[in-house]
Amino acid sequence: MSAATARARSINGTNHENKMLLEKIHDRKKIFMSPCEVNERYILRFAICGRLTEISDILFAWREVLAGLDAMIDEATKICVDEEQQLDKDALDDAAWAEEHCLVKRLPLPGDKPNEIR
């Protein structure tokens, strides 16, 4: 049995973002991830234990994690900063916005070109 883990990069050193990420993933009801804490860091994990598991299954799960992060980004852009500093979501690249605001550092998927962000 193997386990894959995911963790969103925290803005303020808390585990809040990762708890939100788990909620977004579970809201989609396509994969189940279990949380655990290691050295006070909240980590999401899923088991890879079926003998018929293929790389496409793992990529599907990883894309669900990314979809959860996208949902967090969408929510963050709606709430966003304050009344004086409203963000025009159409003018922003979601991946760049997320990286700038420390919501996510995406790991490359197999087949990605170096430094390519989706």
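The values are calculated or read from the model by the stated rules, or taken from the named source; none is laboratory data. Predicted model, so just to flag it, every value in this text is computed and none were measured. Don't worry about glycine lacking a Cβ; one is built from the backbone with ideal geometry, like all the others, and counts go over all protein chains shown.
The set of residues in the range 25-41 that are touching a strand residue (DSSP E or B) at 6+ places or on another chain (Cβ under 8 Å), surrounded by 13 or more Cβ atoms within 10 Å (Cβ to Cβ) and under 22 Å from ASP74 (Cα atoms) comprises ILE25, ILE31, MET33. The residues of the range 54-74 that are more than 15 Å from PHE32 (Cα to Cα) and without any contact (Cβ under 8 Å) to a residue 24 or more places away in the chain, listed by number, are GLU54, SER56, ASP74. Figure legend. Inter-residue proximity from the range 42-53: first residues on the phi < 0 side of the Ramachandran plot, second residues surrounded by 13 or more Cβ atoms within 10 Å (Cβ to Cβ) and in a loop (DSSP other than H, G, I, E, B), beta-carbon distance below 7 Å, spacing 6+ or different chains. Indicated pairs: TYR42/ASN15; ILE43/ARG7; LEU44/ARG7; LEU44/MET33; ARG45/MET33; PHE46/ILE31; PHE46/MET33. Of the helices (runs of 4 or more DSSP H) entirely within the range 1-109, those holding at least 1 residues that are touching a Phe, Trp or Tyr at 6+ places or on another chain (Cβ under 7 Å), at pLDDT 85 or above and not aromatic (Phe, Trp, Tyr) occupy 16-28, 55-79. Sub-7 Å Cβ pairs linking a first residue in the range 16-31 that is under 15 Å from THR5 (Cα atoms) and without any contact (Cβ under 8 Å) to a residue 24 or more places away in the chain to a second residue that is hydroxyl-bearing (Ser, Thr, Tyr) and surrounded by 13 or more Cβ atoms within 10 Å (Cβ to Cβ), at least 6 apart or interchain, are LYS19/TYR42, ordered by first then second residue.
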